[in-house]
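Comments concern the structure below.
The values are calculated or read from the model by the stated rules, or taken from the named source; none is laboratory data. The structure presented is a predicted model; accordingly, all values stated were derived computationally and were not measured. Counting neighbours? That spans all protein chains shown, and the Cβs are built from the backbone with ideal geometry, glycine included.
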Amino acid sequence: MGLIKPVREYVGELWQTWNKFWFTPVDPATLSLIRLLAGGMLLYTHLIWSLDLQGFIGPDGWIPVDQVRRLQTLPGAENPQWSVWSVFFWIKSTWLLWAVHLAALAVFACLTMGLFSRTTAILAYLLAVSYAHRVTPGAYFGLDKANVMLAMYLMLGPCGARYSLDRIWRLRKGQTDRTEPSTSANVAIRLIQIHLCIVYLFSGLAKVQGPSWQAGTAVWGAVASYEYQSWDMTWLATWPILIAVLTHATVFWELFYCCLVWNRLTRPLMLAMAVAIHGGIAAFMGMITFGTAMLIANLAFLQPATVRKWIDPLAGRISLALVGKRVE
Amino acid sequence: MAKQRSSSKSDAEPGKAAGRTATARGASKSAAPWPPWARWLASGLLLLHVVAVFAAPWANQTSPRVLPPDYAPRVAPEVLRPADPPREEDFRSPPLIGALMSLLRPYLNATYTNHGYDFFTPDPAGSYLIGYDVYDAQGQIVTQGQYPDLDDQWPRLFYHRHMMLAAQIDEFGLNWPNMIGRELLERHNAERVHLLFGYHRLPLPEEVAEGTALNARWLYETVREFDIRAGDRDFSASSPGDRVPIRVPGVTP
């Protein structure tokens with residue numbers, strides 16, 4: 001008897017907190033900014049496939065489709081898994097391959113500019129998955145995982161509500177330029193936040209199993225790779241303490257990001273470390289696209305008010321130039 | 001920075017808080033909250049999705065190795081004893097993770113979220129390279145090069161794709177020399193291609209401090225070499241290597 005009321009109150013409070021966390025409408029500014037940047041990243045990533053489209057995405061190429069499908073078959077099964085899908089598994093002709101590819105680039109460009117955002121967000125996600133499955137395994141890496149993650153959540157909310165041609169178009173038609181707070185925008189942002197926490201947690205857990213990460217020497221392995229190097233950091237060879245600090249800081253940050261990023265006092269530190277680590281990956285290891293994609297995902301932890309403070313002045317000038325009205 | 005939500009100082013329903021917030025931000029009307037049934041439905045789907053996204057790296061980073069269906073241990077003549085056959089433990093999956101994955105795998109596959117996030121783990125390692133010499137019918141070199149090669153593959157992301165190709169291609173039991181060789185032969189209308197699969201190890205800090213360059217010749221070793229001729233299209237046999245293939249994305253117990 002004495003337990004029922006407290007338990008009921010606790011469950012009630014849990015449900016209220018859950019509701020607040022997921023279903024409070026928010027300004028879609030953060031989601032819109034992520035759309036603008038992630039759309040650009042999707043466009044660039046897939047534009048690069050054009051340099052050897054047949055080789056990486058075509059039916060034959062470096063790893064033919066039937067060989068990739070063979071790998072995607074579960075042990076003991078006769079057929080490949082139906083859930084591992086791609087439009088490129090069915091395209092046999094060169095002209096159709098290029099037609100789909102060019103259409104995909106158009107979709108990514110529209111998503112970047114925020115044109116028909118809701119529709120292009122869904123198409124962009126489906127296309128991103130298609131490309132990713134075609135090159136997995138073979139030529140995929142973390143960038144594909146980050147791209148698909150961002151594309152997946154962008155299609156859940158009104159990612160074209162701000163900083164988009166859709167909004168410019170609404171202004172031109174004389175519709176109200178007020179952007180309503182949106183529950184689905186909050187859901188999308190929360191999912192990016194949680195997914196990011198899961199990524200870093202498991203990345204950290206995998207690292208602590210490695211002797212060089214435990215010992216504090218792993219960062220040397222990153223800077224000493226000739227194939228990855230884009231900026232000579234070999235001077236670190238005579239600074240083992242610095243290598244150790246960087247190594248342990250990386251592991252600490254990844255393991256505890258999922259806890260510390262939620263607190264308003266530690267969040268700036270976690271985001272600053274994200275900039276340092278992903279910026280370092282981009283600058284010193286040549287993975288500019290991957291580092292940038294992860295930083296775009298980290299933007300999910302910015303308040304809409306902060307995003308608007310930075311971006312609205314520029315957006316206002318653009319809308320003034322295009323339609324003679326400044327968006328608010 | 002404040003939390004990612006409308007500022008609300010009460011425990012009011014999200015809709016009421018949204019109304020105050022929307023009004024405070026100058027909206028002409030308050031945003032309508034989702035009705036309870038929508039929030040219940042969404043909560044169930046969200047929970048399922050988050051569990052799935054959590055389970056995938058958990059499974060990927062704890063599951064044992066999975067071998068391709070036609071895997072057979074190779075007996076190398078130069079080795080004094082045959083390669084160890086896979087043990088039964090290698091095929092057993094962790095009970096809870098295995099059960100979760102058997103339910104969630106189709107969803108994870110379809111959404112391209114069935115992977116781990118083990119970047120540069122367990123430890124950063126050296127790089128694999130594929131060198132090639134392509135010959136015409138007269139035995140003259142038509143072209144030569146390697147993957148990856150920053151001088152040949154630009155921009156950086158294109159180079160990185162080739163680096164991933166060289167890094168991943170030997171991991172899954174594919175007859176990749178025939179695939180790569182066939183592609184090169186067709187591109188250059190050639191008769192023969194010589195492939196060299198190499199490994200470029202990382203120098204130690206002490207070696208670099210003493211003056212070793214990152215691309216010093218002695219850091220490179222040849223793992224295997226192949227000669228592929230026009231007409232070699234047998235992709236069925238496993239790669240003539242002695243590495244047990246590691247986990248294949250999307251294929252976990």
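Things worth noting here:
- B:Met164 being at the interface with another protein chain (Cβ under 8 Å from one of its Cβ atoms), touching a residue at least 24 places away in the same chain (Cβ under 8 Å) and either touching an Asp or Glu at 6+ places or on another chain (Cβ under 7 Å) or assigned to a helix (DSSP H, G or I) (or both): no
- A:Ser117 of a type in the set (S, T, N, Q) and either closer than 22 Å to B:Met164 by Cα or within 11 Å of chain B (Cβ to nearest Cβ) (or both): no
- So B:Asn189, is it of a type outside the set (Phe, Trp, Tyr) and touching a Lys or Arg at 6+ places or on another chain (Cβ under 7 Å): no
Residues checked against (1) assigned to a helix (DSSP H, G or I); (2) surrounded by fewer than 17 Cβ atoms within 10 Å (Cβ to Cβ); (3) not small (Gly, Ala, Ser):
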site	(1), (2), (3)
A:Gly291	yes, no, no
A:Leu295	yes, no, yes
A:Ala300	yes, no, no
A:Thr306	yes, yes, yes
A:Trp310	yes, yes, yes
A:Pro313	yes, yes, yes
A:Gly316	yes, yes, no
A:Leu320	yes, yes, yes
A:Arg326	no, yes, yes
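- Selection within the stretch A:203-219: residues that are more than 16 Å from B:Gly126 (Cβ to Cβ) and not in a helix (DSSP H, G or I). The member of this set that is farthest from the other protein chains (Cβ to nearest Cβ) is A:Gly216.
- Flag if A:Arg162 is touching a Pro at 6+ places or on another chain (Cβ under 7 Å), touching a residue at least 24 places away in the same chain (Cβ under 8 Å) and more than 10 Å from chain B (Cβ to nearest Cβ): yes
- When the stretch A:147-159 is filtered for residues that are part of a loop (DSSP other than H, G, I, E, B), touching a residue at least 60 places away in the same chain (Cβ under 8 Å) and within 14 Å of chain B (Cβ to nearest Cβ), the ones remaining, listed by number, are A:Gly157, A:Pro158.
- Scanning the stretch A:34-76 for residues that are small (Gly, Ala, Ser) and modelled with pLDDT of 95 or more yields A:Ala38, A:Gly39, A:Gly40, A:Ser50, A:Gly55, A:Gly58.
- Here A:Tyr10 clears all of (1) hydroxyl-bearing (Ser, Thr, Tyr); (2) surrounded by 18 or more Cβ atoms within 10 Å (Cβ to Cβ); (3) farther than 23 Å from B:Met164 by Cα except the condition numbered (2).
- Evaluating A:Leu246 against the criteria (1) over 29 Å from A:Pro28 (Cα atoms); (2) touching a helix residue (DSSP H, G or I) at 6+ places or on another chain (Cβ under 9 Å); (3) within 14 Å of another protein chain (Cβ to nearest Cβ); (4) loosely packed, with under 15 Cβ neighbours inside 10 Å leaves one unmet condition, (4).
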